[in-house]
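Here is the structure we will look at, set down as structure tokens.
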Amino acid sequence: MSEPILQIKDLYKHFPITRGVLFKRTIGEIQAVSGVDLELNKGETLGVVGESGCGKSTLAKLVMMLERPSSGHIFYRGTDIASLSPRALRRVRREIQLVMQDPYSSLNPRMTVGDIVGEPFEIHPEVAPKGQRRKKVQELLDVVGMNPEHINRYPHQFSGGQRQRIGIARALALRPEVIICDEPVSALDVSIQAQVMNLLESLQEELGLAYIFIAHDLSVVRHLADRVAVMYLGKIVEIGTEDQIYERSAHPYTQALLSAVPVPDPAARETKKIIRLEGDPPSPADPPSGCRFRTRCWKAQDICAAKEPELIVREGIDHPAACHFAESRVIVQSHES
């Protein structure tokens with residue numbers, strides 16, 4: 001496999017907790033992202049899944065450099081973008097774009113569709129001269145399945161699925177190599193979700209895009225992802241190919257997430273075991289010692305509190321998992337098997 005186009009190494013983002021109004025003092029910190037290592041290859045889709053509050057969206061903002069990391073490195077094509085000046089970073093941002101979660105709040109209601117999709121050309125005028133911009137915007141709308149003649153309409157005149165298509169068109173305007181999709185279908189109806197997912201898949205095949213696809217729904221990620229990283233309380237606890245994660249998951253947290261995915265096959269549903277986690281995720285301001293999942297894990301023993309498990313390949317499994325007692329396990333067997 002060729003050199004990864006995007007590499008995240010030992011990435012941390014901690015937000016200070018302050019007290020006071022005039023004289024603020026730091027009394028703690030929220031550990032949103034802690035020691036994340038990930039790689040993204042050309043044309044690949046890397047899924048990042050986990051519960052709300054586990055650090056997925058913060059990770060997306062860090063890769064986009066909308067947030068500066070506390071420490072660590074983000075390499076794009078061998079360049080550490082976390083160390084770039086604002087001017088140099090602006091050039092890199094052409095190559096890494098973002099599709100946001102909420103299609104209702106991510107589009108300016110006072111701007112027409114043409115202005116929204118064409119706004120990247122104002123920031124990067126070298127991509128499209130002024131005389132060509134209207135035509136370029138219409139072409140982008142056509143690519144995402146929108147009527148090019150609706151260029152003068154406003155966001156409120158479109159449905160949620162259409163608005164997300166407009167957001168995708170805006171992300172494509174600068175011809176990026178990487179698109180970060182931050183839960184792009186979670187606010188849409190199920191039938192519309194499928195349409196947007198199919199659009200993303202066809203665009204990837206046509207344009208050679210690489211995606212970081214963030215979601216909390218494992219069934220959504222499976223439709224697109226080549227590899228899946230499972231995140232819990234700021235850390236990656238398991239990573240592997242689609243088959244490794246969905247058919248041979250090894251971390252208890254991943255197994256619990258998979259057990260919660262609805263199964264359409266009645267025969268498989270009857271044999272499926274639901275894993276119910278006790279309690280809520282701990283606060284990222286005060287994570288547990290050792291393994292962060294141990295307070296909710298049925299396998300937890302003394303070593304889990306004393307020693308943080310490494311994200312490594314362990315005996316009996318074929319992909320990295322951060323668990324002292326990782327064990328490959330099939331959660332759901334299809335009716336055919």
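The numbers here are math on the coordinates, done by the rules we state, and not lab data. Since this is a predicted model, take the numbers as computed values, not measurements. Reconstructed Cβ throughout: ideal geometry from the backbone, glycine too, with neighbour counts over all protein chains shown.
Here is how the numbers come out for the structure above:
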item: Too-long pairs where the Cα-Cα distance tops 24 Å, listed order kept, from 24/235; 235/307; 9/235; result: 24/235
item: Crossing angle, helix 113-123 versus the chain [Cα axis fit, 0-90 degrees, rounded to tens]; result: 90 degrees
item: Candidate aspartates and glutamates - alpha carbon under 12 Å from residue 61, same-chain residues fewer than 8 apart omitted; result: 182
item: 14 Å Cα-Cα reach of residue 299 towards aspartates and glutamates, excluding residues that sit fewer than 8 places from it in its own chain; result: 278, 327
item: Point-charge dipole on Cβ atoms (K/R +1, D/E -1) for region 51-198, about Cα centre, debye to 20; result: 580 debye
item: Region 170-318: C-alpha gyration tensor shape, a/c 1.5 cut-off, then a/b vs b/c; result: prolate
item: Coil-residue GluC sites (Glu not before Pro) of region 231-322, DSSP, other Cβ within 10 Å capped at 12; result: 278, 310, 315
item: Longest DSSP-loop-exposure-free segment, trypsin sites (Lys or Arg not before Pro), the chain, at most 12 other Cβ within 10 Å; result: 111-272
item: MRE, 222 nm, helices only [DSSP H, n ≥ 4, -39500 (n - 2.57), over the chain, to nearest 500]; result: -8500 deg cm²/dmol
item: Nearest 10 degrees, 0 to 90: helix 190-207 Cα axis against the chain principal axis; result: 70 degrees
item: Nearest 10 degrees, 0 to 90: helix 133-143 Cα axis against the chain principal axis; result: 40 degrees
item: Which of 259, 223, 185, positive extreme of dipole for region 181-303 (C-beta unit charges); result: 259
item: Cβ charges +1 (Lys, Arg) and -1 (Asp, Glu), total dipole of the chain, debye; result: 1300 debye
item: Ratio Rg/Rh [Cα only; Rh per Kirkwood] for the chain; result: 0.99
